[in-house]
Amino acid sequence: MAFEQLSNEERFSLDIRRTFLLGAYMNEWGMPEHRIVLSKPDRNIHVEIYYFPATVHSGIARFVTVGLSQACRPSGEKVASEWMLALQSNLGGENVERVNSYMADLISHHIENVHDSTVPRVMKSSELAPARWNATAFLLDELRGEKESLEQLHVGDETIELLWAVPLTSFEADLLLNKGVNEFDLWIENSDYSILDPCRP
């Protein structure tokens, strides 16, 4: 559904949500460079993905959603969270459009096939992932490595969690599923590779 097709009330609600969320993101990461919009006319789904390029200060590129929290699953339950994917500045050898496409596929799958937003949540290796990446599995978890103020965002009386979207290798996904988050954290802590590098072996 294009923004123009939304009712006045829906557009107003989205404008308010965007103001609060995008303001919080920009306060931490500067100006976004790119935006794509995902829409589903029959379900009133309108999700925007913003790309915040790496800066000289952080060296981290981020893809973050606005509106995912309002998207409804087939059950009618709201997703109630936004996502943030952080990568090294070279995006694992892919371009912004390809990463956006991957995020869009993951978001669509999550809305249509996942019953709730409980984390951590692991998706095993998938052909959806960019071809140049070794990290073809996927984790949704509590936000890490960012300021605490971003963990829970407030829009009026509503509290929205910002979740960490993390590309995983097959080994890391199996480790999480079989050994749990603590073993995964220990593995990452002792690894020679950054978790922000989707090309890590």
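The values are calculated or read from the model by the stated rules, or taken from the named source; none is laboratory data. These numbers come from a predicted model, not from an experiment. Cβ placement follows ideal geometry from the backbone for every residue including glycine, while neighbour counts extend to all protein chains displayed. Side chains included, ligands, DNA and RNA excluded: accessible areas come from the protein's heavy atoms. Shrake-Rupley method; radii C 1.70, N 1.55, O 1.52, S 1.80 Å.
Exposed loop positions in the chain were taken to be GluC sites (Glu not before Pro) whose DSSP state is not H, G, I, E or B and which have at most 12 other beta-carbon atoms within 10 angstrom. Between these positions, the longest stretch is 128-201.
Under the 0.36 nm per residue contour assumption, what length would be gained going from the current alpha-carbon distance of E97 and M31 to full extension? Let's see the in-between values first.
Working: separation 66, 0.36 × 66 = 23.76 nm, distance 1.78 nm.
Stretched fully, the E97-M31 segment lengthens by 22.0 nm.
Quantify how much of the Cα-Cα distance distribution of the chain extends past 25 Å, in percent. So the pairs more than 25 Å apart make up 35 percent of the total in the chain.
Amide H contacts of H34 (H built 1.01 Å from N, in plane; Pro and chain starts excluded): Y51 sit under 5 Å, all sequence-distant by 5 or more or on other chains. Segment H57..A80, full-extension length gain: 5.2 nm, with 0.36 nm per residue of separation and the alpha-carbon distance subtracted. Every helix of 4 or more DSSP H residues in the chain counts as -39500 (n - 2.57), and over all residues that averages to -10000 deg cm²/dmol at 222 nm.
Per-residue Karplus couplings for the range 180-197, computed as 6.51 cos²θ - 1.76 cosθ + 1.60 with θ equal to phi - 60°, are listed in order as x, 5, 4, 5, 4, 4, 5, 4, 5, 4, 9, 6, 7, 10, 6, 5, 7, 9 Hz, Gly and Pro entered as x.
On a per residue basis, the range 71-201 carries 50 Å² of accessible surface, using protein heavy atoms and a 1.4 Å probe. Between the amide H of E94 and any residue lying 5 or more places away or on another chain, no distance stays under 5 Å, with hydrogens modeled in the peptide plane.
Couplings 3J(HN,Hα) for the range 43-52, derived from phi with the Karplus relation 6.51 cos²θ - 1.76 cosθ + 1.60 (θ = phi - 60°), are 10, 6, 9, 9, 10, 10, 10, 9, 9, 9 Hz, where x marks Gly and Pro.
Placing +1 on the Cβ of every Lys and Arg and -1 on the Cβ of every Asp and Glu, with no other charges, gives the chain a dipole of roughly 360 debye about its Cα centre.
Ignoring ligands, DNA and RNA, please state the percent of accessible area on the chain from carbon and sulfur, probe 1.4 Å. Walk me through the intermediate numbers first.
Working: 4940 of 10170 Å².
Its accessible area is 49 percent carbon and sulfur atoms.
Per 0.36 nm of contour for each residue apart, how much would the distance between T118 and R18 grow if the chain were fully extended, relative to their Cα-Cα spacing?
Value of the extension gain: 33.6 nm.
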